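Here is the structure we will look at.
The values are calculated or read from the model by the stated rules, or taken from the named source; none is laboratory data. Since the model is a prediction, treat every value here as computed from it, not as a measurement. Cβ atoms come from the backbone with ideal geometry, glycine included; neighbour counts cover every protein chain shown. Accessible surface areas use protein heavy atoms only, side chains included; no ligands, DNA or RNA. Shrake-Rupley method; radii C 1.70, N 1.55, O 1.52, S 1.80 Å.
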Amino acid sequence: MTRPLPLLIALVACKDGPGPADTAEVLPAGWSLGPEVTCASPGAVRFTEQGADRGLGEPVEDPFEILGFPMEGRGGSLLAEDLDGDGDIDLAVGRVAEAPLIYANDGAGRFTATPVAAGLGVAEPAVMAMAAADLDGDGLPELVLAGLGFGAVLPNQGGLRFGNALPLDAQATAGRLCTTMAFGDADGDGWLDLALGCVSEIREGPHGPDVFPAPDALFLGGPGGLTLSATLGDEADDTASRTLALLWSDLDADGDRDLWILADDGPRSFLYLNDGAGGLTEGAAAAGLDLRMYAMGVDSADLNGDGRPDLCVSDIGPPRCLLSEGTGWVEAGASLGVVPTDWIGEDGTVGWSVDFADVDNDGWLDLVHASGPNLDPERTEDYPDLLWRGQADGGFEDASAALGFDSPQASYGMVSADLDGDGQLELVTAGRGAPPRLHASGCGAGGWLAVELVGPDGNRDGFGATLVATVDGVTTRRELHGLRGQGQGPSRFHLGLGDAARVEALTLIWPDGVTQEGAWLPGRRTLTATHPDVP
């Protein structure tokens with residue numbers, strides 16, 4: 001079946017490429033295709049909650065019970081990544097006063113709880129943020145944690161064992177509560193760098209204990225680890241941020257990573273444009289990205305086909321979705337249909353983690369939204385999770401109830417990942433006081449292609465890579481991100497193919513600009529793409 005042409009999505013590639021007689025598979029050097037994965041009984045995609053049956057049994061900590069003071073939206077940090085190098089996706093759940101709890105995957109999407117025994121080196125770390133990235137090029141991702149006056153790397157020793165904390169420079173964390181982080185190659189040297197988002201320590205405010213704007217920090221990576229390079233923002237001139245989410249993305253389409261620091265109930269958002277060598281110049285206002293909002297999560301995708309990322313950000317209320325236009329962005333969430341069908345209370349919804357993912361493999365990206373209350377004691381509404389299904393006309397439709405992703409339990413962290421290897425994405429959510437929830441569906445009729453990256457030592461995960469794929473005449477473009485709030489998905493791309501059997505053209509642009517191209521790649525497989533510089 002030929003897809004209808006979308007009204008909002010411009011086709012980046014036309015039908016003047018390979019014709020019917022020129023459909024031979026093209027695999028560049030360093031690419032390999034795994035075996036076909038068949039679906040014995042394809043059916044309609046609808047999620048059911050299977051966490052307890054799959055082994056996710058440990059309740060997520062409530063930070064208030066441990067610290068004695070509330071931590072807004074905390075209790076539910078999640079990451080999904082192959083932490084032991086065995087090819088399947090493990091899960092990690094953040095904990096407040098110790099290293100994360102890991103759920104080891106048996107390869108079939110069933111899990112065994114495995115506590116991390118590594119010491120953090122501080123008595124009361126109040127861990128707020130958790131990420132994973134391979135920082136030494138050995139193929140095993142390190143765990144990176146941050147919290148109250150604290151930031152550290154836990155080296156991955158293999159077998160789901162991690163070494164004791166290697167602290168980040170205390171100049172960046174002392175007197176601050178570090179809330180989030182993001183990895184990207186800021187200076188173009190091939191090594192992952194770290195942006196660390198922080199606020200002040202909790203202190204008394206006009207309405208009780210609160211946090212206030214504080215400078216953020218940039219650490220440059222290298223063979224010797226992460227070195228503090230720059231402080232971003234200053235309290236004295238109102239350029240310090242109050243943030244729960246960061247995003248490295250090539251927002252000005254010049255080939256390097258720019259840093260968007262999103263506002264959470266305080267100063268505006270800040271955009272640091274990169275000169276290609278790690279020099280950062282603030283330019284949010286001119287781009288229309290100086291938002292004042294309650295940003296908790298963010299993701300990007302090229303929704304309008306102009307080659308630049310469009311952005312959706314969770315908020316108090318429906319997500320703020322921004323389409324690129326000229327050199328800036330304009331808000332278009334309502335016109336795209338990104339509003340809940342059932343409006344709850346005054347705000348409609350309250351969003352935390354947000355993710356673009358093709359959950360039904362029909363070839364159109366869906367928008368998944370973890371919902372949960374804020375700390376306002378006068379607000380008692382339950383906010384169900386939300387899922388907007390992507391449409392052929394470029395818009396979205398609320399399909400939360402239809403697809404069974406509408407739990408009213410509070411969710412803060414969320415990840416999408418193929419946990420059992422059948423080509424269908426699962427959705428995992430977590431909120432304090434209850435075990436993580438694993439929303440799974442049987443395999444559907446839609447085809448898919450997973451793309452696993454193997455980069456050089458400095459960025460083995462390939463964070464910052466761009467994938468451009470043409471399927472049945474329609475081109476999509478995605479960037480590979482790590483942590484974007486409280487949820488980090490696997491370092492791989494997932495493409496839904498609908499009823500197409502092959503990907504007509506696939507271009508992979510590595511963070512260093514190296515480009516690889518393949519064509520007529522069969523679906524229902526995992527493609528492993530290795531950078532030319534990897535031996």
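Taking segment 171-273 as the region of interest, the strands (runs of 3 or more DSSP E) fully inside it that hold 1 or more residues being of a type in the set (A, V, I, L, M, F, W, C) and at negative phi are 176-184, 193-200, 216-222, 225-232, 246-249, 258-261.
Being of a type outside the set (Lys, Arg) and open to solvent by 80 Å² or more (accessible area, probe 1.4 Å) is the filter here, so list the residues in segment 27-51 that pass it.
Just the residues of segment 27-51 that are of a type outside the set (Lys, Arg), to begin with: 27-45, 47-51.
Matches in segment 27-51: Ala29, Pro35, Glu36, Thr38, Ala40, Ser41, Ala44, Glu49.
Checking Gly345, Gly372 one by one, the residue that is under 19 Å from the mean Cα position of the chain (by Cα) and at pLDDT below 95 is Gly372 and no other.
Mind checking whether some residue in segment 476-483 is assigned to a strand (DSSP E or B), small (Gly, Ala, Ser) and touching a residue at least 40 places away in the same chain (Cβ under 8 Å)? Give the derivation first.
As a first pass, look at segment 476-483 and keep what is assigned to a strand (DSSP E or B): 476-479.
If we keep only those that are small (Gly, Ala, Ser) too, we end up with none.
Scanning segment 476-483, I find no residue that is assigned to a strand (DSSP E or B), small (Gly, Ala, Ser) and touching a residue at least 40 places away in the same chain (Cβ under 8 Å), so the answer is no.
In the list Gly149, Gly159, Gly190, which residue meets the criterion of being within 25 Å of Leu262 (Cβ to Cβ) and open to solvent by 10 Å² or more (accessible area, probe 1.4 Å)? First the steps, then the outcome.
Values: Gly159 fails: within 25 Å of Leu262 (Cβ to Cβ); Gly190 fails: within 25 Å of Leu262 (Cβ to Cβ).
Only one candidate qualifies: Gly149.
Considering (1) part of a loop (DSSP other than H, G, I, E, B); (2) open to solvent by less than 10 Å² (accessible area, probe 1.4 Å), the lone condition that Ala402 does not fulfil carries the number (2). With respect to the conditions (1) in contact (Cβ under 8 Å) with a residue 24 or more places away in the chain; (2) more than 22 Å from Asp499 (Cα to Cα); (3) surrounded by 20 or more Cβ atoms within 10 Å (Cβ to Cβ); (4) not acidic (Asp, Glu), Pro408 lacks only one, and its number is (3). Among Ala117, Ala132, Ala126, which is more than 27 Å from Leu480 (Cα to Cα), surrounded by 20 or more Cβ atoms within 10 Å (Cβ to Cβ) and small (Gly, Ala, Ser)? Result: Ala126 is the single residue among Ala117, Ala132, Ala126 that is more than 27 Å from Leu480 (Cα to Cα), surrounded by 20 or more Cβ atoms within 10 Å (Cβ to Cβ) and small (Gly, Ala, Ser). Consider Thr281 against the criteria (1) crowded, with 18+ Cβ neighbours inside 10 Å; (2) in a strand (DSSP E or B): it satisfies all of them except one. Which criterion is unmet? The single condition Thr281 does not satisfy is (1).
Look at (1) without any contact (Cβ under 8 Å) to a residue 40 or more places away in the chain; (2) surrounded by fewer than 22 Cβ atoms within 10 Å (Cβ to Cβ) and you find that Arg95 fails only one, number (2).
Anything in segment 510-527 that is under 28 Å from Gly276 (Cα atoms) and open to solvent by less than 50 Å² (accessible area, probe 1.4 Å)? List them, or say none. Within segment 510-527, Trp510, Pro511, Gly513, Val514, Gln516, Gly518 qualify.
Would you mention how many residues in segment 427-445 are in contact with an Asp or Glu (Cβ under 7 Å, 6 or more places away or on another chain), in a loop (DSSP other than H, G, I, E, B) and either open to solvent by 10 Å² or more (accessible area, probe 1.4 Å) or polar (S, T, N, Q) (or both)?
Let us first name the residues in segment 427-445 that are in contact with an Asp or Glu (Cβ under 7 Å, 6 or more places away or on another chain), namely 429, 432-433, 435, 437-440, 443-444.
Applying the additional criterion that residues be in a loop (DSSP other than H, G, I, E, B) yields 432-433, 435, 443-444.
Narrowing further to those that are either open to solvent by 10 Å² or more (accessible area, probe 1.4 Å) or polar (S, T, N, Q) (or both): 432-433, 435, 443.
Residues that pass the stated criteria total 4.
Applying a threshold of 7 Å to beta carbon distances and a minimum spacing of six or more residues, or different chains, the list of pairs starting in segment 521-533 at a residue that is touching a residue at least 24 places away in the same chain (Cβ under 8 Å) and assigned to a strand (DSSP E or B) and ending at one that is open to solvent by less than 20 Å² (accessible area, probe 1.4 Å) and of a type in the set (Val, Ile, Thr) reads Leu521/Val503; Leu527/Val451; Ala529/Val451. Evaluating Asp82 against the criteria (1) surrounded by 14 or more Cβ atoms within 10 Å (Cβ to Cβ); (2) modelled with pLDDT of 90 or more; (3) more than 22 Å from Asp134 (Cβ to Cβ) leaves one unmet condition, (3). Restricting segment 162-187 to residues that are over 22 Å from the mean Cα position of the chain (by Cα), more than 17 Å from Leu244 (Cα to Cα) and among the aliphatic types (A, V, I, L, M) leaves a set whose member that is most open to solvent (accessible area, probe 1.4 Å) is Leu166. Here Gly68 fits the description: open to solvent by 10 Å² or more (accessible area, probe 1.4 Å), free of Cβ contacts under 8 Å to residues at least 12 places away in the same chain and not charged (D, E, K, R).
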